[in-house]
Amino acid sequence: MDPMLLLVAVVVVVVVAIAALVSGRRRRDASLEPVALGPSWRPPEHEREGERPDTAYPEVDVEEQAAFIAERTDAPRPVIDEVVNAWNEYLSVIGLAQLPATHDYRIYDPYNPPVARRGPDGEPVADPERVARDVGMRTTILERDAATVLEAELAYLEQADLLR
(Lines give C-alpha, C1' and ligand atoms only; values in the text may rest on other atoms or scores of the structure.)
Protein backbone atom coordinates (compact mmCIF):
# COMPACT_ATOMS: atom_id res chain seq x y z
CA MET A 1 0.00 0.00 0.00
CA ASP A 2 1.18 3.47 -0.81
CA PRO A 3 2.54 5.25 2.33
CA MET A 4 0.75 8.48 1.40
CA LEU A 5 -2.59 6.71 1.07
CA LEU A 6 -1.99 4.99 4.40
CA LEU A 7 -1.26 8.35 6.06
CA VAL A 8 -4.46 9.90 4.64
CA ALA A 9 -6.49 6.89 5.88
CA VAL A 10 -5.01 7.21 9.39
CA VAL A 11 -5.75 10.96 9.49
CA VAL A 12 -9.35 10.35 8.35
CA VAL A 13 -9.84 7.66 11.02
CA VAL A 14 -8.39 9.94 13.74
CA VAL A 15 -10.61 12.88 12.66
CA VAL A 16 -13.72 10.66 12.64
CA ALA A 17 -12.84 9.27 16.11
CA ILE A 18 -12.33 12.78 17.55
CA ALA A 19 -15.61 13.98 15.99
CA ALA A 20 -17.45 11.00 17.51
CA LEU A 21 -15.98 11.70 20.96
CA VAL A 22 -16.85 15.41 20.83
CA SER A 23 -20.36 14.68 19.57
CA GLY A 24 -20.94 12.10 22.30
CA ARG A 25 -19.73 14.50 24.98
CA ARG A 26 -22.02 17.29 23.77
CA ARG A 27 -24.99 14.90 23.67
CA ARG A 28 -24.20 13.73 27.21
CA ASP A 29 -23.83 17.30 28.47
CA ALA A 30 -27.15 18.27 26.88
CA SER A 31 -28.88 15.38 28.63
CA LEU A 32 -27.63 16.70 31.99
CA GLU A 33 -29.57 19.99 31.64
CA PRO A 34 -32.26 20.38 34.30
CA VAL A 35 -35.75 19.55 33.15
CA ALA A 36 -38.32 22.28 33.72
CA LEU A 37 -41.08 21.04 35.99
CA GLY A 38 -44.48 22.54 36.60
CA PRO A 39 -46.33 25.20 34.65
CA SER A 40 -44.34 27.87 32.93
CA TRP A 41 -44.74 31.45 34.09
CA ARG A 42 -43.75 34.85 32.89
CA PRO A 43 -44.85 38.32 33.92
CA PRO A 44 -47.83 39.57 31.91
CA GLU A 45 -47.25 42.33 29.40
CA HIS A 46 -50.65 43.94 29.72
CA GLU A 47 -52.30 46.08 32.34
CA ARG A 48 -55.92 45.71 33.30
CA GLU A 49 -57.34 49.21 33.07
CA GLY A 50 -60.13 50.44 35.31
CA GLU A 51 -60.18 47.47 37.64
CA ARG A 52 -59.72 47.65 41.37
CA PRO A 53 -56.20 46.43 42.16
CA ASP A 54 -55.87 43.07 43.85
CA THR A 55 -54.80 43.34 47.45
CA ALA A 56 -53.92 41.04 50.31
CA TYR A 57 -56.00 43.35 52.50
CA PRO A 58 -59.51 43.60 50.97
CA GLU A 59 -60.68 45.91 53.76
CA VAL A 60 -58.13 48.58 52.79
CA ASP A 61 -59.24 51.64 50.84
CA VAL A 62 -56.59 51.67 48.09
CA GLU A 63 -56.92 55.39 47.40
CA GLU A 64 -56.59 56.31 51.07
CA GLN A 65 -53.61 54.00 51.41
CA ALA A 66 -51.90 55.53 48.36
CA ALA A 67 -52.54 59.06 49.68
CA PHE A 68 -51.07 58.11 53.07
CA ILE A 69 -47.94 56.64 51.45
CA ALA A 70 -47.55 59.57 49.03
CA GLU A 71 -47.80 62.03 51.90
CA ARG A 72 -44.99 60.26 53.78
CA THR A 73 -42.70 59.47 50.86
CA ASP A 74 -43.43 61.94 48.02
CA ALA A 75 -43.31 58.92 45.70
CA PRO A 76 -45.29 59.04 42.46
CA ARG A 77 -48.44 56.92 42.28
CA PRO A 78 -47.06 54.32 39.81
CA VAL A 79 -44.14 53.63 42.16
CA ILE A 80 -46.49 53.28 45.13
CA ASP A 81 -48.77 50.93 43.20
CA GLU A 82 -45.87 48.77 42.01
CA VAL A 83 -44.29 48.43 45.46
CA VAL A 84 -47.63 47.76 47.21
CA ASN A 85 -48.41 45.17 44.53
CA ALA A 86 -45.02 43.52 45.12
CA TRP A 87 -45.73 43.39 48.87
CA ASN A 88 -49.13 41.79 48.26
CA GLU A 89 -47.62 39.27 45.85
CA TYR A 90 -44.86 38.43 48.32
CA LEU A 91 -47.38 37.80 51.11
CA SER A 92 -49.38 35.64 48.74
CA VAL A 93 -46.53 33.48 47.46
CA ILE A 94 -45.12 32.77 50.94
CA GLY A 95 -48.58 31.85 52.20
CA LEU A 96 -49.43 34.75 54.52
CA ALA A 97 -52.23 36.17 52.36
CA GLN A 98 -54.32 35.25 49.40
CA LEU A 99 -54.75 37.06 46.13
CA PRO A 100 -57.48 36.20 43.62
CA ALA A 101 -56.66 33.41 41.19
CA THR A 102 -56.95 35.94 38.36
CA HIS A 103 -54.15 38.14 39.76
CA ASP A 104 -51.41 38.90 37.23
CA TYR A 105 -48.16 38.33 39.11
CA ARG A 106 -45.54 40.83 37.97
CA ILE A 107 -42.74 40.47 40.52
CA TYR A 108 -42.95 36.99 42.01
CA ASP A 109 -43.49 33.66 40.30
CA PRO A 110 -46.25 31.83 42.20
CA TYR A 111 -44.88 28.49 40.97
CA ASN A 112 -41.38 29.24 42.27
CA PRO A 113 -41.84 31.28 45.45
CA PRO A 114 -38.91 32.74 47.36
CA VAL A 115 -37.76 30.87 50.43
CA ALA A 116 -39.38 32.60 53.39
CA ARG A 117 -37.75 33.12 56.74
CA ARG A 118 -39.50 31.11 59.43
CA GLY A 119 -40.45 32.25 62.91
CA PRO A 120 -40.05 30.18 66.07
CA ASP A 121 -43.44 28.57 65.40
CA GLY A 122 -42.37 27.49 61.90
CA GLU A 123 -44.69 29.95 60.16
CA PRO A 124 -43.34 32.21 57.39
CA VAL A 125 -42.28 35.70 58.43
CA ALA A 126 -42.68 38.63 56.05
CA ASP A 127 -39.40 40.26 55.04
CA PRO A 128 -39.78 43.86 53.78
CA GLU A 129 -36.05 44.11 53.04
CA ARG A 130 -36.35 41.14 50.69
CA VAL A 131 -39.28 42.72 48.88
CA ALA A 132 -37.44 46.05 48.52
CA ARG A 133 -34.40 44.22 47.15
CA ASP A 134 -36.52 42.19 44.72
CA VAL A 135 -38.35 45.30 43.50
CA GLY A 136 -34.99 47.02 43.02
CA MET A 137 -33.65 44.09 40.99
CA ARG A 138 -36.76 43.36 38.88
CA THR A 139 -38.10 46.84 38.12
CA THR A 140 -36.77 50.31 37.42
CA ILE A 141 -37.61 51.40 40.98
CA LEU A 142 -34.58 51.90 43.20
CA GLU A 143 -34.28 49.61 46.22
CA ARG A 144 -34.11 52.52 48.66
CA ASP A 145 -37.29 54.03 47.18
CA ALA A 146 -39.04 50.68 47.47
CA ALA A 147 -37.88 50.38 51.09
CA THR A 148 -39.25 53.85 51.87
CA VAL A 149 -42.61 53.05 50.29
CA LEU A 150 -42.76 49.71 52.12
CA GLU A 151 -42.00 51.43 55.41
CA ALA A 152 -44.93 53.80 54.84
CA GLU A 153 -47.11 50.86 53.73
CA LEU A 154 -46.37 48.99 56.95
CA ALA A 155 -47.06 52.16 58.98
CA TYR A 156 -50.44 52.48 57.24
CA LEU A 157 -51.31 48.84 57.89
CA GLU A 158 -50.24 49.16 61.51
CA GLN A 159 -52.33 52.31 61.92
CA ALA A 160 -55.32 50.49 60.41
CA ASP A 161 -54.61 47.54 62.73
CA LEU A 162 -54.26 45.18 59.76
CA LEU A 163 -50.64 44.15 60.12
CA ARG A 164 -50.38 40.39 60.24
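The table that follows gives values for the structure above.
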| quantity | calculated |
| --- | --- |
| Odd one out for VAL35, checked against (1) modelled with pLDDT under 85; (2) under 28 Å from TYR156 (Cα atoms) | (2) |
| Any hit, the range 132-143, residues being within 21 Å of GLN65 (Cβ to Cβ), part of a helix (DSSP H, G or I) and among the small types (Gly, Ala, Ser) | yes |
| From the options ARG52, ARG25, residue that is among the charged types (D, E, K, R) and at pLDDT below 70 | ARG52 |
| Residue, most open to solvent (accessible area, probe 1.4 Å), within the range 116-131, restricted to residues that are part of a loop (DSSP other than H, G, I, E, B) and either of a type outside the set (D, E, K, R) or in contact with a Pro (Cβ under 9 Å, 6 or more places away or on another chain) (or both) | PRO120 |
| Output for the range 67-98, where each listed residue is surrounded by fewer than 20 Cβ atoms within 10 Å (Cβ to Cβ) and of a type in the set (A, V, I, L, M, F, W, C) | ALA67, PHE68, ALA70, LEU96, ALA97 |
| Those residues of the range 110-132 which are touching an Asp or Glu at 6+ places or on another chain (Cβ under 6 Å) and under 15 Å from ALA146 (Cα atoms), in sequence order | ALA132 |
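Yes/no matrix, rows are residues, columns are (1) touching a residue at least 40 places away in the same chain (Cβ under 8 Å); (2) part of a helix (DSSP H, G or I); (3) hydrophobic (A, V, I, L, M, F, W, C); (4) on the phi > 0 side of the Ramachandran plot:
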position	(1), (2), (3), (4)
ILE69	yes, yes, yes, no
VAL93	no, yes, yes, no
ALA97	yes, no, yes, no
ASP109	yes, no, no, no
PRO114	no, no, no, no
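The values are calculated or read from the model by the stated rules, or taken from the named source; none is laboratory data. Everything quoted here is computed from the prediction, not taken from an experiment. We place every Cβ from the backbone using ideal geometry, glycine too, and count neighbours over all the protein chains shown. All accessible areas refer to the heavy atoms of the entire protein, side chains included, with ligands and DNA or RNA removed. Shrake-Rupley method; radii C 1.70, N 1.55, O 1.52, S 1.80 Å.
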